[in-house]
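The values are calculated or read from the model by the stated rules, or taken from the named source; none is laboratory data. Given the structure is predicted, the values throughout are model-derived calculations rather than measurements. In this analysis, Cβ positions are derived from the backbone assuming ideal geometry, glycine residues included, and neighbour counts consider all displayed protein chains.
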Amino acid sequence: MGLEERKIRDQPSRTVPHLREEPSLPQTETIQDVRASMRAQELHHAEALEQLTYALTHDVTELLRMVRSYVQLQSRRDLASEAEGKEFADYILDGTQRVEKLLSDLVVYSRQFRPLEGPPAPADSEAVLQGVLLNLDTVIRKNEACITCDALPKVRCDSTQLGHLFRHLIVNALTFRKQDPPQIHISAIEEANQAVFSVRDNGLGIDPRFHEQIFVIFKRLHGRNYPGNGLGLAICKRIVEQYGGRIWVESAPDQGSTFRFTLPC
């Protein structure tokens, strides 16, 4: 046996230390939690779609029934005067225009259920608001409204969606006005990485009992006494919630309303 071989054999054997398996860290969210969350979202969307389908069927059916009734009435009788014929034609035109507006707003509402494609680029709130005011110039002048605004921050929100927010809230203020000319003021403050926008008006005001209901799709507090289809505030709510924000109203009857919503900065 060679010297080198004897040295190797004479060396004491070494045991490999047992590697203790580190305990696995508790998972903050299990697969069951994820599935439950996804299921809850699916149920929420299904309920929203069911409510939308029911309300849409009711509203469109009512409008089409009205149009059909006037068309049948006009075709079955001799009109007493040209004025009476014009009145029937106006009713028919109004009905078709309401259907067109309803379907147009439904398209906007349905688009708000699309998932966001990554973090949005900052939107210039002031520039978006000025574009909305320019687009609404005719109706603003018709109502003799005075609209003012403070300096507004940039926010992380799609500019088109932000435009929908401003447009619906301003049109809402113009619609539910008093006899006095509407006065609308838009402002915002920054706090905790978010902007809190305010749209204040001097309109009819809203009973606190209905502060939550007005954001429900197709909910109308005034029935057919005022124009609209009950989609505007529902669209606003859906847009804001997409960005993790919230929207609410502070109001009382005859005291005007202040709509507030939050968006990330």
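Conditions (1) hydroxyl-bearing (Ser, Thr, Tyr); (2) loosely packed, with under 10 Cβ neighbours inside 10 Å; (3) modelled with pLDDT of 90 or more, marked per residue:
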{"site": "Val99", "(1), (2), (3)": "no, no, no"}
{"site": "Val107", "(1), (2), (3)": "no, yes, no"}
{"site": "Ser110", "(1), (2), (3)": "yes, no, no"}
{"site": "Ala121", "(1), (2), (3)": "no, no, no"}
{"site": "Glu126", "(1), (2), (3)": "no, no, yes"}
{"site": "Gly131", "(1), (2), (3)": "no, no, yes"}
{"site": "Thr148", "(1), (2), (3)": "yes, no, yes"}
{"site": "Asp158", "(1), (2), (3)": "no, no, no"}
Of Leu204, Leu169, Leu174, which residue is surrounded by fewer than 21 Cβ atoms within 10 Å (Cβ to Cβ), aliphatic (A, V, I, L, M) and touching a helix residue (DSSP H, G or I) at 6+ places or on another chain (Cβ under 8 Å)? Leu174
Find all pairs meeting these conditions: Cβ atoms under 7 angstrom apart; at least six residues apart or on different chains; first residue within the stretch 52-77 and closer than 19 Å to Gly232 by Cβ; second residue among the aromatic types (Phe, Trp, Tyr) and modelled with pLDDT of 65 or more. Ala55/Phe218; Asp59/Phe218
Every residue in the stretch 177-200 that is under 16 Å from Leu129 (Cα atoms) and crowded, with 19+ Cβ neighbours inside 10 Å, please. Ile184, Ile186, Ala188, Ala195, Phe197, Val199, Arg200
